[in-house]
Amino acid sequence: RNKLGSKKERTLALIKPDVVTKIGDVIESIYSSNLIVTKAKMTRLSWSQAADFYMEHQSKPFFNNLVQFMSSGSVVAMEIMGDEATSVWRKLLGPTDSAAARRDAPQSIRAHFGTDGLKNVGHGSESLDAAARELEFFFPSTIGHGPSNTATFTDC
Ligand code: RTP
Ligand code: MG
C-alpha cells in the first residue's frame with residue numbers, strides 16, 4: 001500500500017465469446033470504475049488452450065460446457081490496472097449466474113449483458129496469485145524466450 005492506502009494491482013479481465021460484439025460497453029464500465037486497460041489482445045482459444053486455462057475446474061460437471069463455450073468464438077484478454085483491481089473487477093462482473101446478478105447486483109456487467117450461468121460476459125482472476133498466472137497465460141513475458149512471444153495464439 002502507498003501513503004494514501006491504495007493498492008495498485010494488475011489483473012486479468014477476460015471478455016468471453018458471448019459479448020465480444022459489446023466489448024465497448026465492457027471497457028466503458030472498466031474505466032468508469034477507475035481502472036485502466038494496460039494490455040489487450042483479441043484471440044481465439046483452441047479447446048485445449050481453454051481447458052488449460054480452466055484447469056482448476058476440470059473435475060466440475062460444467063467443465064466440458066465451459067471449455068466448449070470458451071473456445072467457440074473470439075475472446076478479448078486485457079490486463080487492467082488500478083486500486084484493488086482484482087476485487088473491483090470481480091465486483092463489477094457480479095455473481096456468476098447472470099439471473100442471480102440481475103436479482104442481486106442489478107448494476108453489474110453480468111446483470112446488463114449476461115445470458116445465464118455459463119454465458120456470463122467475463123472472467124476475473126480470484127486472487128493476485130491467480131492474476132499473475134493468468135496474465136502470463138495471455139501475455140507471456142519475453143525474457144529468455146527470444147525475440148517473439150506471438151507464437152502461442154493463432155490470430156482471429
Ligand atoms: P470466472 O472464473 O469465469 O470469473 O467466473 P466465477 O469465478 O464467477 O465462476 P467459477 O465458479 O470460477 O466458474 C467458472 C465459469 O464456469 C462457468 N460455469 N457454468 N453451473 C454452470 O453451468 C456453470 N457454473 C460455472 C461460468 O462461465 C463461470 O464463469
Ligand atoms: Mg472463477
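The numbers here are math on the coordinates, done by the rules we state, and not lab data. It should be emphasised that the depicted structure is a prediction, and the values quoted were computed from it without experimental measurement. Methodologically, a virtual Cβ is constructed for each residue, glycine included, from the backbone with ideal geometry; neighbour enumeration extends over all protein chains shown.
Checking the structure you have, find out if any residue of the range 68-82 is of a type in the set (D, E) and under 14 Å from the mean Cα position of the chain (by Cα). Yes, the conditions are met somewhere in the range 68-82.
Matching residues to (1) touching a residue at least 12 places away in the same chain (Cβ under 8 Å); (2) under 17 Å from L128 (Cβ atoms); (3) in contact with a strand residue (DSSP E or B) (Cβ under 9 Å, 6 or more places away or on another chain):
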| residue | (1), (2), (3) |
| --- | --- |
| R10 | yes, yes, yes |
| A13 | yes, yes, yes |
| P17 | yes, no, yes |
| I30 | yes, no, yes |
| V37 | yes, no, yes |
| A40 | yes, no, yes |
| R44 | yes, no, yes |
| F62 | yes, no, no |
| S71 | yes, no, yes |
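Test A101 against the stated conditions and say whether it is touching a Ser or Thr at 6+ places or on another chain (Cβ under 8 Å), more than 23 Å from R133 (Cα to Cα) and either surrounded by fewer than 18 Cβ atoms within 10 Å (Cβ to Cβ) or without any contact (Cβ under 8 Å) to a residue 40 or more places away in the chain (or both). Spelling it out, A101 is indeed touching a Ser or Thr at 6+ places or on another chain (Cβ under 8 Å), more than 23 Å from R133 (Cα to Cα) and either surrounded by fewer than 18 Cβ atoms within 10 Å (Cβ to Cβ) or without any contact (Cβ under 8 Å) to a residue 40 or more places away in the chain (or both).
Those residues that are outside any helix (DSSP H, G or I), within 19 Å of D116 (Cβ to Cβ) and touching a Leu at 6+ places or on another chain (Cβ under 7 Å), I need them from the range 63-99; list them, please. Let's see the steps before the verdict.
Our first condition is that a residue be outside any helix (DSSP H, G or I); within the range 63-99, this holds for 71-84, 94-97.
Next cut, within 19 Å of D116 (Cβ to Cβ) only: 71-73, 75, 94-97.
Result: S71, V75.
A single entry from L128, L92, L66 fulfils the requirement of being within 15 Å of ligand 2 (Cβ to nearest atom), under 18 Å from S33 (Cα atoms) and touching a helix residue (DSSP H, G or I) at 6+ places or on another chain (Cβ under 7 Å): L92. Kindly evaluate Q58 against the criterion of being free of Cβ contacts under 8 Å to residues at least 40 places away in the same chain and either over 15 Å from M81 (Cα atoms) or within 12 Å of the chain's Cα centre (by Cα) (or both). Yes.
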